[in-house]
1. Which one of the conditions (1) more than 14 Å from chain A (Cβ to nearest Cβ); (2) closer than 28 Å to A:M160 by Cα; (3) part of a loop (DSSP other than H, G, I, E, B) does B:T317 fail to meet, given that it meets all the rest?
2. Which one of the conditions (1) at pLDDT below 95; (2) more than 10 Å from every other protein chain (Cβ to nearest Cβ); (3) open to solvent by 50 Å² or more (accessible area, probe 1.4 Å) does A:A261 fail to meet, given that it meets all the rest?
3. Quick check on A:E106: is it open to solvent by 60 Å² or more (accessible area, probe 1.4 Å), not in a loop (DSSP other than H, G, I, E, B) and not basic (K, R)?
4. Being within 30 Å of A:P129 (Cβ to Cβ) and either open to solvent by 10 Å² or more (accessible area, probe 1.4 Å) or at pLDDT 95 or above (or both) is true for just one of A:A170, A:A181. Which residue is that?
5. In region A:145-169, which residues are more than 10 Å from chain B (Cβ to nearest Cβ), in a helix (DSSP H, G or I) and farther than 22 Å from A:I91 by Cβ?
6. Of the conditions (1) crowded, with 24+ Cβ neighbours inside 10 Å; (2) free of Cβ contacts under 8 Å to residues at least 40 places away in the same chain, A:E246 fails just one. Which one is it?
7. Need at least 2 residues that are within 14 Å of chain A (Cβ to nearest Cβ), in contact with a strand residue (DSSP E or B) (Cβ under 9 Å, 6 or more places away or on another chain) and not basic (K, R) per element, so show me which helices (runs of 4 or more DSSP H) inside region B:175-254 make the cut, counting only ones lying wholly within it.
2 protein chains.
Amino acid sequence: MSYRDMRRALRLEETEGIPVWFMRQAGRYMRAYRDVRKRYTIRQVCMLPDVVSEVMEAPVQRLGVDAAILFSDITLPLEYIGMHVEFQEGIGPVVSGPVPWGREVEVRPDVFPLRGSVEAFRKRDPDVPVIGFCGGPLTVLSYVLSTGTDRELEVTRKFMLTRREEFMEAISNISAALLQAAREQVSGGVDAVQVFDSWLGALSPSTIRNFYLEALRDFVSSVRELGKPVIFFSTGTSGYLEVLRELDADIYSLDWRVDLARASSVLRDRGIQGNLDPYVVSASREECIREAMEIKERMKGRAGYIFNLGHGVRPDTDEETLRALAETVHGGGA
Amino acid sequence: MSYRDMRRALRLEETEGIPVWFMRQAGRYMRAYRDVRKRYTIRQVCMLPDVVSEVMEAPVQRLGVDAAILFSDITLPLEYIGMHVEFQEGIGPVVSGPVPWGREVEVRPDVFPLRGSVEAFRKRDPDVPVIGFCGGPLTVLSYVLSTGTDRELEVTRKFMLTRREEFMEAISNISAALLQAAREQVSGGVDAVQVFDSWLGALSPSTIRNFYLEALRDFVSSVRELGKPVIFFSTGTSGYLEVLRELDADIYSLDWRVDLARASSVLRDRGIQGNLDPYVVSASREECIREAMEIKERMKGRAGYIFNLGHGVRPDTDEETLRALAETVHGGGA
């Protein structure tokens, strides 16, 4: 592992080796996580800083990755603005309560201990870099508008296209809640904040420009003003990297549908994170290592490059494959 | 309408106006189609050339588009190689019978009257250009491996990554069946063949190169050798147009996740088709027309450009919006 390389890459500085972490590295694929979840619900985990930091530490210890990622859920900050989130088995977060438009919204912090969780981890493991995170406003809105996920943004898009004023208001209020979550994490001491606007790629570049780009740029800019680098994550957006570029994030986390060398040239003065296909990681260790070597070869010596998957680790992934993968990224060979 | 422009665009020649048709223009959104489906099942429609040509003609008459598209289903050619397709309400095609690997496969043509359907339409409407179609081998394989769709190719990818030899054999046998379907359509007199490898974009460029590109290139090349232009359609692939380019199709039909002007420069000597977001078309006539005008502006004067959606017309689309859209593409304004 190389915590120093991770910290340098987050500042877009040159590194000795390539630093690595995995989205959803603290997740169901891992026995240690499943054991914790036998004792606690997701909500309980999020409410108990000591448990959060235990969950965050496990992959760092077991996989040899170079950063921990805060354990939380992208919908929880909606509780800052008076909504309620319930985690339903097999469905995920279900959001209820007064909708975030057509009303005065007040941001009520400290509903759950985000800052405390980061601090607890920092105390436990002062050397390990910590990535904080929050959702992107559009993706979080999709959970407000639809029970279960609206990954193709079918419901969300209709709302955006037909009720523009309420859409803008919802995005603005949700942004305030998400910014508060980021603020608490930065106060707690995270090294960077990753914004997960995961389903953004359901939209065309034209629709994004006409309805959402300005609000999203403002949001990313507000998070950056907290003083830490911002990693912007989305999927399905590889066809319009030039639009992503306008968001002015420090680092872009890309899915597997793009050759990183090409992405790297469009986003030439920015950091890059990604982008191994998580399905390949779960399906075949051999192909996983082959593609990882290929990515390493292409990105070798690129300042501000962080190895990661193109999306979260899938539940059917073998922990041993991830360990071998981290070793491949760090080491010279397979 | 301008049938002449459509024929010229299919040959990558300059056109006076911009020709237009819509994927799935003969579909559930249209009352005339729903009426036919009250009388006949999908299989029955496909078996009756006169009914097929009635279904193909309706959108040409009602929307003013510049081409008809053969009505069929991408899975049906599997019956050429001894499999059976059943259309289940709310699920779609369900494939059964001996799998297309580990056995000698014989292509038995004339299981259903593809050639006859094209000929029947030609007799009815000799002037209207006809687009034929077949599935892409990988996408059709996904229907063999999974009941219902495997849009993220989760099952298909696992098969590909872990049983490479059988995968290659399946792709080769399915390609033979699909080629037969294309052959019959070309004999019947289609003006072009569109290959729908719709879910290709689930794969990374690296995985495609390592497992599928060569077989797909061979397939596209075999279809081209039938003597008509090939339009290659896929979704989620805008991040690696340079890989698509290697398929050597005549025209690329792109989804809405890319600015066509950029795509147009990567695919500079090829035709381009697309790419208005079908969700926008179903959700908002105003935004639909705005984005269509934007696409027109960008692609004006581009030889070999055909206006289309980025994927099929959605069932909740208003027929009147499509009519207005075709008029916008043809006319000077909204």
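1. Against the list (1) more than 14 Å from chain A (Cβ to nearest Cβ); (2) closer than 28 Å to A:M160 by Cα; (3) part of a loop (DSSP other than H, G, I, E, B), B:T317 comes up short only on (1).
2. It is condition (3) that A:A261 fails.
3. Details: open to solvent by 60 Å² or more (accessible area, probe 1.4 Å): yes; not in a loop (DSSP other than H, G, I, E, B): no; not basic (K, R): yes.
Answer is no for this residue.
4. Being within 30 Å of A:P129 (Cβ to Cβ) and either open to solvent by 10 Å² or more (accessible area, probe 1.4 Å) or at pLDDT 95 or above (or both) holds for just one of A:A170, A:A181, which is A:A181.
5. Those that are more than 10 Å from chain B (Cβ to nearest Cβ), in a helix (DSSP H, G or I) and farther than 22 Å from A:I91 by Cβ: A:E165, A:E166, A:F167, A:M168, A:E169.
6. A:E246 satisfies all of (1) crowded, with 24+ Cβ neighbours inside 10 Å; (2) free of Cβ contacts under 8 Å to residues at least 40 places away in the same chain except (1).
7. Working: elements: B:205-211, B:213-224, B:241-245.
Those helices (runs of 4 or more DSSP H) span B:241-245.
Residues are listed down the side, and each one gets a yes or a no for (1) within 14 Å of another protein chain (Cβ to nearest Cβ); (2) open to solvent by 20 Å² or more (accessible area, probe 1.4 Å):
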residue	(1), (2)
A:L267	yes, no
A:I272	yes, no
A:V280	yes, no
A:E294	yes, yes
A:L309	yes, no
A:V313	no, no
A:T321	yes, no
A:G331	no, yes
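The values are calculated or read from the model by the stated rules, or taken from the named source; none is laboratory data. Being a predicted model, the structure only gives us computed values, none of them experimental. Because the Cβ atoms are built from the backbone with ideal geometry, glycine has one as well, and the counts that use them run over all protein chains shown. What goes into the accessible areas is simple: the full protein's heavy atoms, side chains included, and nothing from ligands, DNA or RNA. Shrake-Rupley method; radii C 1.70, N 1.55, O 1.52, S 1.80 Å.
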